[in-house]
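The values are calculated or read from the model by the stated rules, or taken from the named source; none is laboratory data. Quantities reported herein were computed from a predicted structural model and do not represent experimental measurements. Reconstructed Cβ throughout: ideal geometry from the backbone, glycine too, with neighbour counts over all protein chains shown.
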Amino acid sequence: MKKTGFWVALLWTIPFLANAQAPDAILGEWLNEEKDARVEIYKSSGKYSGKITWIKNAFEADGKTPQRDSKNSDPSLRNRPLKDMIILSDFTFKDGLWTGGKVYDPKSGKSYSSKMTLDGSTLEIRGYVGSPLFGRTTVWTRPK
């Protein structure tokens, strides 16, 4: 009878264990939703950040000048290259979510509060102003 109780308890907990997220599960390379950039998510000082490591159209029309952060709201930052730019910063992990961070969108030049969730092989990044109710979610995938 004791052995049966153990197996029942084990089988009951397996679904919960399968859904548990490891804090470092988001580390590594991700393709953005448009598949025109790769971002490497890394951990530093206990926080998660991400930087652009590849851009589909890495150069301006002249073929020599790297794409720049031309839409940044801060004019002093508009000349920095997009490659190696940190666009995810200061995320911490708690209860299956990465929260408290910021996401920068170089296509609009704006930064947003953000949270991230991992759903199988996809990373859902929600950027918002004020409340997560007022935001947009983008879905990233692992490159093949």
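Within the stretch 58-73, count every residue that is at pLDDT 90 or above and within 23 Å of the chain's Cα centre (by Cα).
7
Could you check how many residues of the stretch 91-112 are within 16 Å of Asp24 (Cβ to Cβ) and either of a type outside the set (Phe, Trp, Tyr) or free of Cβ contacts under 8 Å to residues at least 24 places away in the same chain (or both)?
Going residue by residue through the stretch 91-112, those that are within 16 Å of Asp24 (Cβ to Cβ) are 91-99, 101.
Filter once more, keeping what is either of a type outside the set (Phe, Trp, Tyr) or free of Cβ contacts under 8 Å to residues at least 24 places away in the same chain (or both): 92, 94-97, 99, 101.
So the answer is 7.
Is the stretch 81-97 home to any residue that is in contact with a helix residue (DSSP H, G or I) (Cβ under 6 Å, 6 or more places away or on another chain), surrounded by 16 or more Cβ atoms within 10 Å (Cβ to Cβ) and under 25 Å from Lys144 (Cα atoms)?
Checked against the condition, which is being in contact with a helix residue (DSSP H, G or I) (Cβ under 6 Å, 6 or more places away or on another chain), surrounded by 16 or more Cβ atoms within 10 Å (Cβ to Cβ) and under 25 Å from Lys144 (Cα atoms), the stretch 81-97 yields no hits at all.
Restricting attention to the stretch 104-139, report how many residues are under 10 Å from the mean Cα position of the chain (by Cα) and at positive phi.
0
Looking only at residues in the stretch 1-35 that are modelled with pLDDT under 95 and not in a helix (DSSP H, G or I), which one is farthest from the chain's Cα centre (by Cα)?
Met1
Report whether or not Lys115 is buried (at least 16 other Cβ atoms within 10 Å of the Cβ), closer than 21 Å to Lys83 by Cα, in contact with a Ser or Thr (Cβ under 9 Å, 6 or more places away or on another chain) and of a type in the set (Lys, Arg).
Considered against the rule, which asks whether it is buried (at least 16 other Cβ atoms within 10 Å of the Cβ), closer than 21 Å to Lys83 by Cα, in contact with a Ser or Thr (Cβ under 9 Å, 6 or more places away or on another chain) and of a type in the set (Lys, Arg), Lys115 comes out as no.
Quick one: in the stretch 95-109, of everything that is modelled with pLDDT under 95 and charged (D, E, K, R), which residue is nearest to Gln21 (Cα to Cα)?
Here the residue is Asp95.
Here are the criteria: (1) among the small types (Gly, Ala, Ser); (2) over 12 Å from the mean Cα position of the chain (by Cα); (3) surrounded by 14 or more Cβ atoms within 10 Å (Cβ to Cβ). Tell me which single one Gly101 does not satisfy.
Tallying (1) among the small types (Gly, Ala, Ser); (2) over 12 Å from the mean Cα position of the chain (by Cα); (3) surrounded by 14 or more Cβ atoms within 10 Å (Cβ to Cβ), Gly101 fails exactly one: (2).
Using the structure shown, decide if Gly50 is in a strand (DSSP E or B), touching a residue at least 24 places away in the same chain (Cβ under 8 Å) and small (Gly, Ala, Ser).
The answer is yes for Gly50.
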